[in-house]
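*Asks:* The structure that follows is given in the form of structure tokens.
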Amino acid sequence: MRDKLTIFLATGAFVGYSPAAPGSLGTLWGVGAVWLLSGAGVYWNGAAVVVVTLVSIYIAHRAAAIIGQKDPKCVVIDEVCGLMTASFMVPFGSKTVILVFLLFRFFDILKPWPVSSIDRGMGGGAGIVLDDVAAGVYANIFAQIIIRAAAWSL
């Protein structure tokens, strides 16, 4: 029962098993999390990012052990952490959610340094999750720059 719950959570209610774009589908769970937290203050959002990341490291580690792979592609809980990181302190609105989603997916797929080093060098749940958090940091920085340069009204 515990293993089934772990797999359920790690795969984003099994969307990670989708044959088409499981990472992007998993990232949509992150959009939901960001939406739920959109009315909360910066401290609650920061705490949520930290707590969700720590819990996700544990879940991803257990799921990888259950599945028997170092970084199973069906595990998408890391995408939630990455998108939450990418959205941290970004004003919430439809334009910004789309921008952050696209930037996060870009950096998660491209894996620039140090994202690539984390992805290759770290093992277990930390390696699975923290490369997405690093991609989220890149996405956040670029989103902040674009939003300010464009002076978007939300």
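The values are calculated or read from the model by the stated rules, or taken from the named source; none is laboratory data. Small disclaimer: the values here were computed from a predicted structure and weren't measured. We place every Cβ from the backbone using ideal geometry, glycine too, and count neighbours over all the protein chains shown.
*Asks:* Sort through Y17, Y43 and tell me the only one that's surrounded by fewer than 18 Cβ atoms within 10 Å (Cβ to Cβ), modelled with pLDDT of 95 or more and closer than 24 Å to K111 by Cα.
*Replies:* Matching residue, one of Y17, Y43: Y17.
*Asks:* So, F92, is that one within 22 Å of I146 (Cα to Cα), assigned to a loop (DSSP other than H, G, I, E, B) and not hydroxyl-bearing (S, T, Y) or not?
*Replies:* Considered against the rule, which asks whether it is within 22 Å of I146 (Cα to Cα), assigned to a loop (DSSP other than H, G, I, E, B) and not hydroxyl-bearing (S, T, Y), F92 comes out as yes.
*Asks:* Next up: Can you name every residue in the stretch 1-24 that is over 11 Å from K73 (Cβ atoms), within 13 Å of the chain's Cα centre (by Cα) and outside any loop (DSSP other than H, G, I, E, B)?
*Replies:* Correct list: A10, S24.
*Asks:* Let me ask something else. Out of all the residues in the stretch 33-40, is one or more part of a loop (DSSP other than H, G, I, E, B), over 23 Å from G68 (Cβ atoms) and polar (S, T, N, Q)?
*Replies:* Checking the stretch 33-40: at least one residue is part of a loop (DSSP other than H, G, I, E, B), over 23 Å from G68 (Cβ atoms) and polar (S, T, N, Q).
*Asks:* Of all residues in the stretch 104-154 being touching a residue at least 24 places away in the same chain (Cβ under 8 Å) and among the polar types (S, T, N, Q), which is nearest to F88 (Cα to Cα)?
*Replies:* The extreme case among them is N140.
*Asks:* Condition first: within 27 Å of S94 (Cα to Cα) and in contact (Cβ under 8 Å) with a residue 60 or more places away in the chain. Now tell me which residues in the stretch 1-13 satisfy that.
*Replies:* Residues satisfying the conditions are L9, A10, T11, G12.
*Asks:* In the stretch 108-154, which residue that is part of a loop (DSSP other than H, G, I, E, B) and under 18 Å from V97 (Cα atoms) is modelled with the lowest pLDDT?
*Replies:* Checking each candidate, the answer is L154.
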